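Q: Sharing a structure, written as structure tokens. Questions coming.
The values are calculated or read from the model by the stated rules, or taken from the named source; none is laboratory data. Being a predicted model, the structure only gives us computed values, none of them experimental. Cβ coordinates were reconstructed from backbone atoms using ideal geometry, including for glycine residues, and neighbour counts include every protein chain displayed.
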Amino acid sequence: MSICASDRLESAREIVSEFFKNVDPKDREQPFHLGRKLKRLEGNVEDFEEIVLSACAENGIRGVKREEFWTDLYSVWDEIRFPDRGVDPLKNAYELARKTPIEIPADIYVPTPAHRLLCSIAYYLAEYNLKGRFILSGRHLIKQLRRKKRTVYHMIKWLEHKARYITCVDDTVNWNPKKGRRKARYFMLTEHAHKETETIKF
């Protein structure tokens with residue numbers, strides 16, 4: 001069911017207002033994250049220009065910085081494949097992987113169906129995030145794949161080193177240090193995966 005223009009703009013004001021209340025000033029991908037939230041509403045990015053620029057001014061983002069914020073949001077709008085609907089990215093990727101598994105390159109040996117599912121999860125996580133960077137959370141994968149911790153660890157190693165489907169691009173990022181978790185590993189799909197994997201049409 002389509003959303004009328006007045007309701008869409010009112011929803012956009014609420015989304016933008018809530019976003020700036022919780023924004024991390026050190027996050028360089030703020031425009032992308034806001035874009036994902038706004039993308040769940042029908043309409044074009046231009047429809048939200050006045051709302052976004054007003055919110056920027058109200059939250060101390062003025063002058064050139066305000067123009068840069070809007071320019072970045074406008075530029076990444078078409079790159080957003082998955083709007084933020086309040087669903088956990090990994091859970092969303094798992095559901096997509098089950099419903100629409102990707103074609104695995106013929107030269108990749110896949111030991112089990114769970115390994116094949118993990119390939120699809122990685123693919124959808126890469127599509128979900130800006131610049132294709134994603135984290136494979138072992139804790140969540142254990143629940144989704146219904147495998148032991150050691151097995152999931154070996155499956156991720158297989159995906160990275162044997163299948164050459166993903167590569168670690170950053171292992172120095174601290175992730176939830178307050179909860180005592182160690183450094184996160186950010187992955188991306190390899191050129192091999194991009195070249196051989198069949199394009200999915202959404």
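Q: What is the one condition in (1) polar (S, T, N, Q); (2) under 21 Å from the mean Cα position of the chain (by Cα); (3) more than 13 Å from TYR165 (Cα to Cα) that SER120 does not satisfy?
A: Unmet for SER120, out of (1) polar (S, T, N, Q); (2) under 21 Å from the mean Cα position of the chain (by Cα); (3) more than 13 Å from TYR165 (Cα to Cα): (3).
Each row is one residue, and each column tells you yes or no for (1) touching a Pro at 6+ places or on another chain (Cβ under 8 Å); (2) at pLDDT 90 or above; (3) over 22 Å from ARG185 (Cβ atoms); (4) outside the structural domain of ASP27 (by TED's automatic domain parsing).
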{"site": "LYS99", "(1), (2), (3), (4)": "no, yes, yes, yes"}
{"site": "ILE135", "(1), (2), (3), (4)": "no, no, no, yes"}
{"site": "ARG147", "(1), (2), (3), (4)": "no, yes, no, yes"}
{"site": "HIS161", "(1), (2), (3), (4)": "no, yes, no, yes"}
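Q: When the residues of segment 68-90 are narrowed to those that are part of a helix (DSSP H, G or I) and surrounded by fewer than 13 Cβ atoms within 10 Å (Cβ to Cβ), which ends up farthest from the chain's Cα centre (by Cα)?
A: Looking only at segment 68-90, we keep the residues that are part of a helix (DSSP H, G or I), and these are 68-79, 89-90.
Still in the list and also surrounded by fewer than 13 Cβ atoms within 10 Å (Cβ to Cβ): 71, 78-79.
Values: THR71: 20, ASP78: 14, GLU79: 11 Å.
Restricting to residues being part of a helix (DSSP H, G or I) and surrounded by fewer than 13 Cβ atoms within 10 Å (Cβ to Cβ), the top hit is THR71.
Q: Now for a different question. Please verify whether segment 24-39 includes one or more residues that are outside any loop (DSSP other than H, G, I, E, B) and loosely packed, with under 13 Cβ neighbours inside 10 Å. If you could, list the steps in order and put the result at the bottom.
A: Keep residues of segment 24-39 that are outside any loop (DSSP other than H, G, I, E, B), which gives 30-38.
With the extra rule that they be loosely packed, with under 13 Cβ neighbours inside 10 Å, the set shrinks to none.
The answer is no, given that none of the residues of segment 24-39 is outside any loop (DSSP other than H, G, I, E, B) and loosely packed, with under 13 Cβ neighbours inside 10 Å.
Q: Any residue in segment 51-67 that is surrounded by 12 or more Cβ atoms within 10 Å (Cβ to Cβ) sitting within a Cβ distance under 7 Å of a residue that is polar (S, T, N, Q)? List the pairs, counting only those 6 or more apart or interchain.
A: Hits for this filter: ALA55/SER17.
Q: Going by the conditions given, is SER2 of a type in the set (Ser, Thr, Tyr) and either modelled with pLDDT of 95 or more or not in a helix (DSSP H, G or I) (or both)? Can you show your working first?
A: Working: of a type in the set (Ser, Thr, Tyr): yes; either modelled with pLDDT of 95 or more or not in a helix (DSSP H, G or I) (or both): yes.
Yes: the conditions hold for SER2.
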